[in-house]
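**Student:** If you scroll down you'll find the structure; I have some questions about it.
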Amino acid sequence: MLQILRNKAQSIVIQAVVVIIALVFIFWGVGPNLMNSREAAIVVNDEEITFTDFQDAYDRTYNNLREQFGGTLPQGLAESLGIRNQVVNQLIQDALLRQGAADMGIVISQEEIRDTIESMVQFQENGAFSMDKYTSLLALNGYSPQKFEEKVERDMLAQKVQLNIAKFATTATQHEIEDLNRLENASVAIKYVKIDPDEYVEAVDTDLDKIKEWFTTVEENYKTTPQVKLKYLDFSYTTVGAKITVDESAIKSYYDEHLDEYTQGEKRGARHILFKADTSSSAEVHQQQRKKAEEVLAMAQGGQDFAALAKEYSEGPSKAQGGNLGLFSRGQMVKPFEEAVFALPLGGISDVVTTSFGYHIIKVEEIQPSVIKPFSEIQDEIKTALQNEEARPLAFQLANEAYEGIIAAGSLESFLEENPEITVRETDFFSRSDPPQAFSNDVTFLTTAFALKENELSSLIETDSGYAILYAVAVKQPQVPDFGTVTDQVSNDFKQFRAEELARQTAENLLQRLQEGEGTLKDLAEEEGLIVKNSSYLKKNSSENDGLPGGLVQAAFELSINKQYPDEPFSADTELFVYEFVDRKIPMGKLNEQESQRYRSAIIQRKQQQVLTSWLESRRNQAKVYTHQRLQSDV
């Protein structure tokens, strides 16, 4: 219906009707962009979770994952990890926890919420809560204080429920502790052969007819990815804000009112000499290390070169640099260390300072006083920020007017002819995995773009940076390429595929002959031209297991004198391993108190997680859960 109206809107009556529909689209989110829909994304026992809540949670998860990869996600990783489903499940779990809190009579007081927020370091200045910083940071991230405080309350409710459920598992028996010790510290030795498919590539028959025949069975793997070519109207805050005039007096006033944001705190450069002793060290070790520190302190105070003393005596990672820690500001070092450094004069040497790392002797070698960035350096930055802030409502107004104008004109082309002052941007064909740089991480933009059909106009969408209206000029659907255009790639893939098959056949045949008692691993491997290796004693949680794959080490622990061979070869990527049991060692020594406590904590934590998981599964089995169809599978 909508497409008919877009293509055929000619009469005054139809134009009036489509303007009304446009307004419905804007305010109720009908169309490709459901992120601002008033329809619930998820409903858990009548509790609605909005698309805005989903989008916020998705963005946090996506950005956290992106930061783990240095700011850029490998192509396809987000989809392969099923981030969307993870977020949906987490939101459902959070709702079940909150509802459990109500059933348990758990509430969060306003004082608890206040204390939690005031303890958040991002809202503090010089160690104290700042209301100005609180409100400005919330506004910057699109939160009102009320909305943020409601979110904090929800999170605290979920945490309280988890803590209450955890109280049902608070003990670990000595038998359980000893079992875990044996499980963790047992070791096993094996013999093994590694079978690498690369060794079989030359044996593959590369007859072209066979490769073509194979291609017909796997051609779906070679399909091109969907691509779209767009025209779009950009109503980003930056674009709209650039046209807004801001008085210099307003810029200066903002600067004066936010001086703390442009103040670079005092920095100090120091060296230290560390004598290690942490909470797990005995009283005797602490006594010995402190005595060493006092002896070296006397040398430093007597005029000996501090850097040379650090190189000789320090046990810290900065030893090779003469204990040099470089420049740092408050909040970057542990509290006792920081207090000592910022209390010393230039060139001053501290007494022995105790931290969780051990005993330190510190010398201050540089002091950079606190400085305020001059107005001239940041006035353009402030101007842009003020423009963008003022542009937010204006961007929506302009975008809304443009969308209504397009619908009334009957097409984007007609609208642009009537409004030549409006700039339309165009893209080349692009895939979802290789989008234009400006929108590489904008989920809403990309989801909308790839939901459009050719010659289809999107609804008005809100992107990460403002608003936009998209028009699909052309769409390239996935296609199977002609064999002639991918012959080399297919031939290489075929050889690799067949080599992996030959390697697996070799491994399976070898293991079967071992299981049937036809000979020893050494004799049978030699017939295949394979080399048998003996492992050292392998441990489950060790990083030094002869370079063998972790999964192979875990599988080796399933073998025993009564079961010398696995049921099937072990696969690690494309490599295969055939292996046999040699020996097992069980730890017999008595655990000390520190080791016992570590195992006790691990057992209790595992029990608590099991109780929580069972509780959540029970709640979910009894819950009525609705998930919008747009969230039921990853895009």
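Every number here is computed from the coordinates shown, using simple stated rules; none is lab data. Treat the numbers as computed from the prediction; the structure is a model and nothing was measured. We place every Cβ from the backbone using ideal geometry, glycine too, and count neighbours over all the protein chains shown.
**Student:** With the crude spin-label approximation of a point 7 Å out along Cα→Cβ, what separation in nm comes out for Val486 versus Glu125?
**Tutor:** 6.0
**Student:** Largest first, please: the extent of the C-alpha atoms of region 266-369 along each principal axis, to the nearest Å.
**Tutor:** Principal extents (Cα only, largest first): 41, 29, 22 Å.
**Student:** Can you figure out the FRET efficiency of Lys223 with Ser282, using R₀ = 56 Å and their beta-carbon distance, to the nearest 0.05?
**Tutor:** In this case the efficiency is close to 0.30.
**Student:** Report the gain in length on full extension from Asp523 to Gln86: 0.36 nm times residue separation, minus Cα-Cα distance, nm rounded to one decimal.
**Tutor:** Gain on stretching Asp523 to Gln86: 152.4 nm.
**Student:** Using the alpha carbons of region 499-560, what is the convex hull volume per residue in cubic angstrom, as a whole number?
**Tutor:** Taking only Cα atoms, region 499-560 has a hull volume of 114 Å³ per residue.
**Student:** Still on this structure: Just how far, in whole angstrom, is region 479-494 from region 573-630 if you go by their alpha carbon centroids?
**Tutor:** Using only Cα atoms, the two centres lie 45 Å from each other.
**Student:** Over 22 Å between Cα atoms: which of Lys243/Lys383; Lys267/Lys292; Lys151/Lys335; Lys267/Lys383; Lys133/Lys243; Lys147/Lys335 fall into that group?
**Tutor:** Lys267/Lys292; Lys151/Lys335; Lys267/Lys383; Lys133/Lys243; Lys147/Lys335
**Student:** Could I have the simple spin-label model distance between Thr171 and Gln564, label points 7 Å from Cα toward Cβ, reported in nm to one decimal?
**Tutor:** 4.6
**Student:** Follow-up. Please compute the Kirkwood hydrodynamic radius of the chain from all pairs of different C-alpha atoms, in Å with one decimal.
**Tutor:** For the chain, the Kirkwood estimate is 32.1 Å.
**Student:** What number, in percent, do you get for the relative contact order of region 266-369 if the mean sequence gap of Cα pairs under 8 Å and at least 6 apart is divided by its residue count?
**Tutor:** 44
**Student:** Select from region 427-517 those GluC sites (Glu not before Pro) which occupy a DSSP coil region and have at most 11 other Cβ atoms within 10 Å, ordered by residue number.
**Tutor:** Glu516
**Student:** How large is ³J(HN,Hα) for each residue in region 386-399, as worked out from phi by the Karplus curve 6.51 cos²θ - 1.76 cosθ + 1.60 (θ = phi - 60°), to whole Hz, x for Gly and Pro?
**Tutor:** Along region 386-399, the couplings run 5, 4, 5, 5, 5, 6, 4, x, 5, 4, 5, 4, 5, 5 Hz.
**Student:** Between Leu394 and Glu426, 0.36 nm times their residue separation minus their Cα-Cα distance comes to what?
**Tutor:** Length gained, Leu394 through Glu426: 9.2 nm.
**Student:** In whole angstrom, and with the biggest value first, how far do the Cα coordinates of region 118-230 range along each principal axis?
**Tutor:** So the three principal-axis extents are 75, 66, 30 Å.
**Student:** What 222 nm value per residue comes from the helices of the chain, counting each DSSP H run with n ≥ 4 as -39,500 (n - 2.57) and dividing by all residues, nearest 500 deg cm²/dmol?
**Tutor:** -15500 deg cm²/dmol
**Student:** Where in region 121-148 does the label zone of Ile378 land, with the point 7 angstrom along Cα→C-beta and an amide N cut-off under 20 Å?
**Tutor:** Once the point is set 7 Å along Cα→Cβ of Ile378, 121-142 turn out to lie under 20 Å by backbone N, inside region 121-148.
**Student:** Applying the Karplus parametrisation 6.51 cos²θ - 1.76 cosθ + 1.60 with θ = phi - 60° to the phi angles of region 379-385, what ³J(HN,Hα) value in whole Hz is obtained for each residue in order, glycine and proline being reported as x?
**Tutor:** 5, 5, 4, 5, 4, 5, 4
**Student:** R0 = 60 Å: FRET efficiency of Gln632 with Ala320, Cβ-based, nearest 0.05?
**Tutor:** Efficiency computed from Cβ-Cβ geometry: 0.60.
**Student:** Distance in nm between label sites at Thr116 and Lys151, each 7 Å beyond Cα in the beta-carbon direction?
**Tutor:** 1.3
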